[in-house]
Amino acid sequence: MNIFTHLKISTKILVGFLIILTLMIATGGIALVKISQIHATVIDFADNFASDQHLANQLVSQILQVRLQANRYIWHQSATDVNHFKEEVANLDKLLARANQEFPDQEQSVVTQLNSGVQAYVNHFDEIMKLFDNRHKAITEVLNVQGPLAEDKWQQLQEKFFQANDASTLFYVSKFQRSLLLMRLDVFKYLEARDSQWAQKLEQRYQEAQVVFKQLDETLKDATLHQLANDAETAMNLYYQSFVALRADYDQQLQLIEKLFYTIGPQLQETSLGISSRVSAEFTKGSQTTHLLVTDTWMQLLVTMSLAICIGLVLGVTLSRSITAPLATVMAMTDQMMTGNLSQIVAVKNRSDTNNMTMRRDELGNLWRTFDAVAGYFQTVIADIVRVSQGLAVGNLRVTPTAEYRGDFIQIRQALETALSDLQQVIEDIVQVSQGLAEGQQIMPKAEYRGDFVQIKTGLETAATKLAAATTRNATQDWLKTGQTLLNEQLRGEQEVAMLAKNVINFLTPYVEAQIGVFYLLEEANQGTSEAARLKLVASYAYTQRKGLPTEFPIGEGLIGQAALEQQFILVTEVPEDYIHIESGLGEAVPQNILVMPFLYENVVKGVIELGSFQVMNEIKLEFLKQVMPSIGIVVNTAESRTKMQALLQKIRG
C-alpha cells in the first residue's frame, strides 16, 4: 500500500469516495425497487383506509350531534334546538348517502340498517315534539283557563252567600273552593317535580270536591245560584279531565324519550362504531401485509449494507494508515504546544522519523514543514509576552512588546499596549478617588473602566455615594438635635404663657423656613355660661392683623378648630386660588402651603400652631415638628398650672 504514500490526500479521498459511491448506488438500486413496491401498496391501502375511516368517524360524530340536539330540545323545548336537530339530521343523511356509494359491499347492509335506525329516531323525535305541543296547549288553553274560571265563579258564590249571611251554604262553598285551590297546587307540583304522589293527591282533592258539590247542590234553591255553581263545577271537571289527559300524554312522552335515549340512540351509536371497528380491522390486516413486505426489504438491505460496510472498512483502514501515521507526530507536537510546553517540541522531533516526513510530497509533508516554522515563531512571540507579563507582575507599567508580531498576532501586541495604557489611567484614577474618600470628599471615577475593572468603578462610586448619604444623614440628625436643643433653651425657666408662646413661634417659624406663624392657645369655657371652648391667638411671627380676619376659633371650626378636634396635623399644599377658599388664621387668601399642628398634654389639646410657607414642608421638617410638639404641650401645661396656682394663692391671701 505504499502507492498511497505519494498520492495527494485529495486523490486518496476521491478514490475512496468513488468506491463507496459505487457500493451505495448498488444498495440504493435494490432499495429503490423494494421501496417502489412498498410505496404502491401503502399508497393504495392508505387512500382507501383513510377515506373509509374518515367517513366512519364522521358518521359516529354526526350521530352524536343528532342525539345531542335531541337531548337539548327535550330539556329546553326551544325552536332553535329543533332547527339544529333538523340540520344535523340533514348532514347525517348526506353522510349516509356517501357511505352507500363508498363503503365496500360487506358494509352496505349496515348502512341500510343505519338509514332505518335514523328514520326511526326522527319519527320518535317528531312524536315527542307533538306531545310537547299537546302538553303546552293543555296547560295554556285548558288548565290555565278553566282553573281560574272555576275559582272566579266559586268566588262569586262565596260573595253572594256572604252578603246573604247564609253560613251553612257559605261553609260548603268555602270547602269546595279550598279543594279547587289544592287541586291547582297539586297540578303545579306535578308539572314541576313529575312525581306521581301529586297526581294521587289531585285525585283525592277531586273526589272531595265532588262530595262537597253534591252537598251544596242539595242546599241551593235559587236557580241563578244553582246555574253559577253548575258552571263552576263544569269548569273544574274540564280542568280535572284535561290534567288526566295531560298525564297520559306525559307517560307516553316518557316512554318515547326512554326509547329514544336508551334504545334507538345507543343502537345507532353501536352500529356506527361497529363500522369504524371493522374499518380499523381491515387496516390492521393490511398493515400486517405491509409489515411482511417491509421486513423482507430490510433483510435484503441488511445483507447489501453489510457487504458495503466490510469493503468500506478495508478501504478506510488502508487510507487511514497512510494519513494517521504522520498526523500522530504532528498531533504529539500540537499537544505539547496546547499544554504550553513549547520547549518539548524539539525533543518530540528528535524522537520522530523527521527525514521521512520531510521527503513526503503530499499535503502532510507541507503541513509538517509549515508546522515546524509556526512552532519556532510561537516560541519567539510567547517569550516576548512572558517578558511583558513579568514586567506587569512587578509593577513595571512602562514595559513594551519588542518581538515581531505578524498577522492576527498584531492584535495581541495592540491589546498589550492598550492594556498597559488603560492600567496606567485606571490606577491614577483609583489613587485620586481613594485620596478624596480619605479626605471625606465625594470624588467620582473619571477614567474609562472596561471588563472586570467596571466592578472596581462600581465599588468606588458606591463608596462615594454611601459616604455622601452618611454625611446627609449625619447633617439631618445634627439639624434635628440642634433644633430641639435651641427650642429647649427658649422653653427654659418660669415664663408666662404669652411670653412662652412668643418665644416658641419666633423660634419655630424661621427654623423650619416658614414665612408666617401663629400660636393659638385653648381658652376653656367659663362655667355657668353658654360659651364653648375656643382657640385664641396669643402670639405670631410676621403676621399682620387685618380687618375681618378672625383671631378666635371654636373647636371644629376652620382648619384651626378641625386640627384641634381631630388631634392630628393638617397639611394643605399647592392650593389653587380658584379651587377652594380655606378659612384660617391667615385669612382666606392663604399661602400656597399651610401646616396646622395641635399640641397636647396627656391626650388633651392645649393649643394649635399654624405655619404658612411658599414651599412644601419636607419630611425632615415635619419629623422635627412632630418631635417638639409634645415638649411644647408639657411646657404650656406647666405654665398654665403655675399661673392658676399663683392666682389661687393671691385669692387666698386677699
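No value in this document is a laboratory result; all are computed from the given coordinates. These numbers were taken from a predicted model, which means no experiment stands behind them. Don't worry about glycine lacking a Cβ; one is built from the backbone with ideal geometry, like all the others, and counts go over all protein chains shown.
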Residues meeting the amide H criterion for residue 533 (H placed from the backbone, H to H distance under 5 Å, 5 or more places apart or on another chain) are 525
Here the convex hull volume per residue of the range 493-653, taken over Cα atoms and given in Å³, is 133 Å³
The relative contact order of the range 493-653, taking Cα pairs under 8 Å that sit 6 or more residues apart, comes to a percentage of 22 percent
Whole-Hz Karplus couplings 3J(HN,Hα) for the range 240-245, θ = phi - 60° and coefficients 6.51, -1.76, 1.60, Gly and Pro as x, run 5, 5, 5, 5, 4, 5
For residue 616, other-chain or 5+-apart residues with amide H closer than 5 Å (H placed, Pro excluded) are none
Listing 606, 214 by rising number of other beta-carbon atoms within 10 angstrom, fewest first, gives 214, 606
In the structure shown, of 502/621; 457/481; 130/214; 502/626; 466/621, the pairs separated by more than 27 angstrom at the C-alpha atoms are 457/481; 130/214
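Please find the FRET efficiency linking residue 412 to residue 484, where r is the Cβ-Cβ separation and R0 is fixed at 51 Å, and quote it to the nearest 0.05. Mind showing how you got there, number by number?
Details: r = 66 Å, r/R0 = 1.30.
E(calc), rounded to 0.05, equals 0.15.
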Whole-Hz Karplus couplings 3J(HN,Hα) for the range 591-599, θ = phi - 60° and coefficients 6.51, -1.76, 1.60, Gly and Pro as x, run x, 5, 9, 10, 10, 10, 10, x, 10
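What order do you get for 503-512, 472-481, 301-310 when each peptide is scored by the mean count of other beta carbon atoms within 10 Å, highest first? Write down the numbers at each step before the final one.
On the way: 503-512: 20.3, 472-481: 11.9, 301-310: 13.6.
So the order, starting with the most tightly packed, is 503-512, 301-310, 472-481.
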Exposure-ranked with fewest Cβ neighbours within 10 Å first, 519, 599, 171 stand as 171, 599, 519
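Could you calculate the contour length gain from residue 227 to residue 616, that is, 0.36 nm times the residue separation minus the distance between their Cα atoms, to one decimal place in nm?
Between residue 227 and residue 616, full extension yields an extra 130.5 nm.
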